[in-house]
Amino acid sequence: FHHCGEYDTVAPGVFCGASVGTAVRHNLIEQMPHHGINLGASGYGGNLVEFNRLRFCCMRNYDIGAINCWMEDNSDPGGDESLQLERNAVRSGHVFRYNHISDTTGRRREPDEHSLTIAIYLDSHTSNCQVYGNILECNQHRGIRVNGGRGNLIENNIILDCGDEEGVL
């Protein structure tokens with residue numbers, strides 16, 4: 001997948017936001033304005049993302065990841081209550097292993113600000129994920145970021161030259 005999002009700059013290369021138990025394997029994803037792989041906001045995904053090569057993702061946007069997911073409460077007062085997740089609901093998580101991610105660049109809002117482009121971004125209560133055996137290099141802000149989740153296992157990743165805030169937060 002390459003150069004997706006020419007007309008819609010938030011279009012990912014692969015979107016699995018409504019999937020359960022999907023395997024995303026052996027893809028080359030490059031030259032993306034937004035996410036390379038987006039697992040959306042589903043807390044029931046249980047998806048497997050492995051053996052993918054992602055490079056030059058997140059080129060036009062900020063506060064995103066080359067591989068990105070979030071599991072926040074999508075409460076909508078007028079929406080379908082059966083689709084809403086409570087903030088403390090059990091989430092199945094995802095598995096991210098043996099991926100090689102490099103050169104997420106992003107755009108800065110201000111010249112001295114970080115673009116907040118991350119190789120693997122477990123955003124907004126993403127929980128119960130396994131992140132291991134990945135190679136993350138030359139990413140502008142961080143290798144892995146966890147934002148508000150719990151029960152995530154992050155081990156045996158190689159993180160090289162990922163900005164001022166290298167590593168995991």
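Numbers for the structure displayed
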item: Mean projection area, nm², convex hull over Cα of the stretch 2-41; result: 2.9 nm²
item: Most to least packed among 54-60, 19-25 [average Cβ atoms within 10 Å]; result: 54-60, 19-25
item: Most to least accessible of Ile158, Ile37 (protein chains only, probe 1.4 Å); result: Ile158, Ile37
item: Net length gained if the chain between Arg25 and His100 were fully extended (0.36 nm per residue, minus Cα distance); result: 25.8 nm
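The values are calculated or read from the model by the stated rules, or taken from the named source; none is laboratory data. Given the structure is predicted, the values throughout are model-derived calculations rather than measurements. With ideal geometry, Cβ positions are generated from the backbone for all residues, glycine too; neighbour counts draw on all protein chains shown. We work out accessible area using only protein heavy atoms, side chains counted, and drop any ligands, DNA or RNA first. Shrake-Rupley method; radii C 1.70, N 1.55, O 1.52, S 1.80 Å.
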